[in-house]
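The values are calculated or read from the model by the stated rules, or taken from the named source; none is laboratory data. Just so we're clear, the structure is a prediction, and the values are computed from it rather than from any experiment. Neighbour counts are summed over all protein chains in view; Cβ atoms, including those assigned to glycine, are modelled from backbone coordinates with ideal geometry.
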Amino acid sequence: MSRLAYADPPYPGQAQRHYGREEVDHKELVERLQFYDAWALSTSSPALQMILPLCPPETRVAAWVKPFASFKPGVNPAYAWEPVLFIPARRRHRSEPTVRDWLAAGITMKRGLSGAKPFSFGLWLFDLLQAEPDDCFEDLFTGTGAVTRAWEHWRNQRRAQTGMVLSD
């Protein structure tokens, strides 16, 4: 059993503007993530240059590509993708399906918070992390709870596929 974490904090420079809160110390956050067996961290493309050097060398960068994204006046090219920094829990066996390091999925609308992730994002995230149904998953910035709900769905689906009975 592995301990997995996902962090989707307010992106650097956006905490006060979008959420009315203090900025997240991303250096401290990346250090905290090192206590997990596997982790993923969502950020913005402008912040990638600042955050990636804080991460261990084995950190991978995946992309959530948004076929439909909110276009901002005067911003061209548009911000239509988000980096997801991650370290998986285990190596995928050669016989297992290959997971892409990108996901094309539209943004969510009217979920109560800016940046809420779509359901398909969560399912892709668990594949990136090489999650197993008996792993312990922690969503460090729960926001709308969408990723946590996706985790429960994913685990239940995997349990049903394997006939596995897990204790929570």
Give the number of residues within segment 68-87 that are among the β-branched types (V, I, T) and under 15 Å from S44 (Cβ atoms).
2
Could you tell me whether segment 121-129 includes any residue that is surrounded by fewer than 13 Cβ atoms within 10 Å (Cβ to Cβ) and either under 29 Å from G163 (Cα atoms) or modelled with pLDDT of 90 or more (or both)?
no
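I'd like to check which helices (runs of 4 or more DSSP H) are fully inside segment 24-139 and have at least 1 residues that are among the basic types (K, R) and in contact (Cβ under 8 Å) with a residue 24 or more places away in the chain.
Of the helices (runs of 4 or more DSSP H) lying wholly inside segment 24-139, those with at least 1 residues that are among the basic types (K, R) and in contact (Cβ under 8 Å) with a residue 24 or more places away in the chain span 26-33.
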Among the candidates A150, A160, which residue alone is farther than 26 Å from K66 by Cα and of a type in the set (A, V, I, L, M)?
A160
Give me the residue from segment 154-165 that is touching a helix residue (DSSP H, G or I) at 6+ places or on another chain (Cβ under 8 Å) and surrounded by 12 or more Cβ atoms within 10 Å (Cβ to Cβ) and, out of that set, modelled with the lowest pLDDT.
M164
State which residue is surrounded by the fewest Cβ atoms within 10 Å (Cβ to Cβ) when the search covers only segment 78-119 and only residues that are among the aliphatic types (A, V, I, L, M) and at pLDDT 90 or above.
A104
